[in-house]
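See structure below.
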Amino acid sequence: MRALVFLLLVAAASAKVFSRCELARTLQAAGMDGYHGVSLGDWVCLARWESDYNTDAIDHDSDGSTDYGIFQINSRWWCNDGMTRTSDACHIPCSSLLSPDISTAITCAKRVVRDPNGIRAWVAWRVHCEGQDVSQYVAGCGV
């Protein structure tokens, strides 16, 4: 338990808050635009409403699980935080989702959208992005 707290503190010390366009360019470079039918605007919208582009975001859910990082990936299904009974479908420690290097978060988000629920797995996307013009999230970013 102490090791987990230490890892979370180390991750928090190196958190990064992306600008909207910086995130759009990073996600485009990682092949996220159109990945499993999800537009770049949808990804940026999702990150805006899940974490406000903050790699250090953590949210505790009522079921005892926790959401981690820029995409708020859940410990019950996708990562292992050492506290939640998990499926750990991404095979990663949840603390790795708090890194300013979001490559692990991107890889896991790609795994999430390959699941039958797709991007609908994220409530914030369903509430704030689904059926909306998400082009505003990448406007002026040169992507």
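The values are calculated or read from the model by the stated rules, or taken from the named source; none is laboratory data. Just so it is clear, the structure is predicted and the values come from calculations on it, not from any experiment. No Cβ is skipped: glycine too gets one built from the backbone with ideal geometry, and neighbour counts run over all protein chains shown. Note: areas computed on protein heavy atoms with side chains; ligands, DNA, RNA excluded. Shrake-Rupley method; radii C 1.70, N 1.55, O 1.52, S 1.80 Å.
Would you mind calculating the relative contact order of the chain from Cα pairs under 8 angstrom and at least 6 residues apart, reporting the percent as a whole number?
The normalised contact order for the chain reaches 27 percent.
Just to confirm the number: angle between the C-alpha axis of helix 103-114 and the first principal axis of the chain, 0 to 90 degrees, nearest 10?
70 degrees
What is the Cα radius of gyration of the chain over 2.2 N^0.38 Å, N being its residue count?
Here the answer is 0.99, to two decimals.
Using a 1.4 Å probe over the heavy atoms of the protein chains, calculate the carbon and sulfur portion of the accessible area of the range 27-143 as a whole percent.
Carbon and sulfur: 46 percent of the exposed surface of the range 27-143.
Name the residues whose placed amide hydrogens come within less than 5 Å of the amide hydrogen of Asn74, ignoring near sequence neighbours (fewer than 5 apart) on the same chain.
Under 5 Å from the amide H of Asn74 lie the amide H atoms of Tyr68, each far enough along the sequence or on another chain.
Just add up the charged neighbours of Arg76: K/R +1, D/E -1, any other residue whose Cβ is under 12 Å from the Cβ of Arg76.
-4
For the chain, find the longest principal axis of its Cα atoms and tell me its angle to the long axis of helix 20-29, 0 to 90°, nearest 10.
90 degrees
Compute the long axis of helix 40-51 from its Cα atoms, compare it with the longest principal axis of the Cα atoms of the chain, and write down the angle in degrees, 0 to 90, nearest 10.
40 degrees
Using θ = phi - 60° and the Karplus relation 6.51 cos²θ - 1.76 cosθ + 1.60, list the HN-Hα couplings for the range 77-88 in order, rounded to whole Hz, with x at every Gly or Pro.
Karplus values, whole Hz, x for Gly and Pro: 10, 10, 9, 10, 9, x, 10, 9, 5, 9, 7, 6.
What distance in nm separates the two pseudo spin-label positions at Asp133 and Ser14, each 7 Å out from Cα along the beta-carbon direction?
4.1 nm
Gly118: net charge of surrounding residues, Cβ under 13 Å, Lys/Arg +1, Asp/Glu -1, itself excluded?
+2
Collect residues whose amide H, placed 1.01 Å from N in the peptide plane, falls under 5 Å from the amide H of Ser39; neighbours closer than 5 in sequence don't count.
Gly34
Quick one: accessible area per residue over the range 30-130, 1.4 Å probe, rounded to a whole number of Å²?
44 Å²
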